[in-house]
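Data block below; observations after.
The values are calculated or read from the model by the stated rules, or taken from the named source; none is laboratory data. What you see is a predicted model; the values in this text were computed from it and never measured. Glycine gets a Cβ as well: all are built from the backbone with ideal geometry, and neighbour counts include every protein chain shown. What goes into the accessible areas is simple: the full protein's heavy atoms, side chains included, and nothing from ligands, DNA or RNA. Shrake-Rupley method; radii C 1.70, N 1.55, O 1.52, S 1.80 Å.
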Amino acid sequence: MSDSIANVTDALASGAARIIDLTHTLDPDFPVIILPPEFGQCARFRMEEVSAYDHRGPAWKWHNLTLNEHTGTHFDAPIHWISGKDVPNGAVDEIDPAAFIGPVVVIDCSAGAATDDDFELTPETIEAWETEHGMIPADTWVLMRTDWSKRSGTDYLNMAPDGPHSPGPTPAAVELLLKRNIRGFGTETVGTDAGQGMHYVPPYPAHYLLHGAGKFGLQCLRNLDQMPPTGALLIAPPLKIKGGTGSPLRVLAMVTR
Ligand code: 23J
Ligand code: MN
């Protein structure tokens, strides 16, 4: 008998498979991206108590939330970027939900990112990974591990007078990922692009090239140091916001053992 769904259920029940949480807690203190001052800014996550088993609601507690779509661990839809504005079904509520569950590989850049705040993921890094693990399969999530999620406070954005400094892919690296026809690209930093990504041609190549090609992004991931390089399943469904350009979400990985 081969019922593949039952196999997954059994693997989880027996402990043969387990779930890794790749999500940061939504917290008003978690940093959000800071853009140059001439641009509109990302609102932080905010929670307002409506009642807490008191005169405002004697038997219930609940909150009103305020947040930007790109707050905390979040998903980027193609329409987030001008290059993807006409991508069919490019908003979070329109994307085929089959895209929210799928294979994932992890490229470990933690050694390079430990010594270089502006570490670049290059085609050479990707090709070296492929020599070891095989070619990145089509329609796969590719995550860039930097261990940047272990930073906190001002070290996370790492702002300098000339803007933020954090690792990210070069335009040529993004082009190679598109040649592999990946599903999307995720990072542990506040953006899919490097902090200094505005200086590339095109500026912010991960956003520009990936979204223009109808691919997705994930940012502010964590626990990538617990992930195997290949063989995991990613579960990442964004909120169904009408016309939404992205959304905070719970990102889970299913791994063997
Ligand atoms: C808006 C403008 C520039 C960037 C971003 C948002 C993000 O990184 C994001 O959260 O998508 S670089
Ligand atoms: Mn985003």
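Exactly one of (1) in contact (Cβ under 8 Å) with a residue 60 or more places away in the chain; (2) closer than 22 Å to Asp155 by Cα; (3) surrounded by 14 or more Cβ atoms within 10 Å (Cβ to Cβ) is unmet by Ala113. Its number? Ala113 satisfies all of (1) in contact (Cβ under 8 Å) with a residue 60 or more places away in the chain; (2) closer than 22 Å to Asp155 by Cα; (3) surrounded by 14 or more Cβ atoms within 10 Å (Cβ to Cβ) except (1).
Which residues, counting only those in segment 128-138, are surrounded by 13 or more Cβ atoms within 10 Å (Cβ to Cβ) and among the charged types (D, E, K, R)? Hit for segment 128-138 is Glu130, nothing else.
Note on segment 72-90: residues that are more than 27 Å from Leu157 (Cα to Cα) and either among the hydroxyl-bearing types (Ser, Thr, Tyr) or open to solvent by less than 60 Å² (accessible area, probe 1.4 Å) (or both) total 2.
Remark: Val32 matches the filter, which requires a residue to be out of contact with any Leu (no Cβ under 7 Å at 6 or more places or on another chain) and within 25 Å of Ala194 (Cβ to Cβ).
So for segment 202-214 (the condition being within 17 Å of Cys109 (Cβ to Cβ), small (Gly, Ala, Ser) and part of a strand (DSSP E or B)), does at least one residue qualify? No, segment 202-214 has no match at all.
The criterion of at least 1 residues that are more than 16 Å from ligand 2 (Cβ to nearest atom) and closer than 19 Å to Leu239 by Cα is met by the following strands (runs of 3 or more DSSP E) wholly inside segment 7-94: 17-21, 46-54, 57-66. Contact annotation: residue pairs with Cβ atoms under 8 Å, 6 or more positions apart or on different chains, pairing a residue in segment 234-256 that is more than 20 Å from Leu22 (Cβ to Cβ) with a partner that is of a type in the set (D, E, K, R) and crowded, with 22+ Cβ neighbours inside 10 Å, are Thr245/Asp76.
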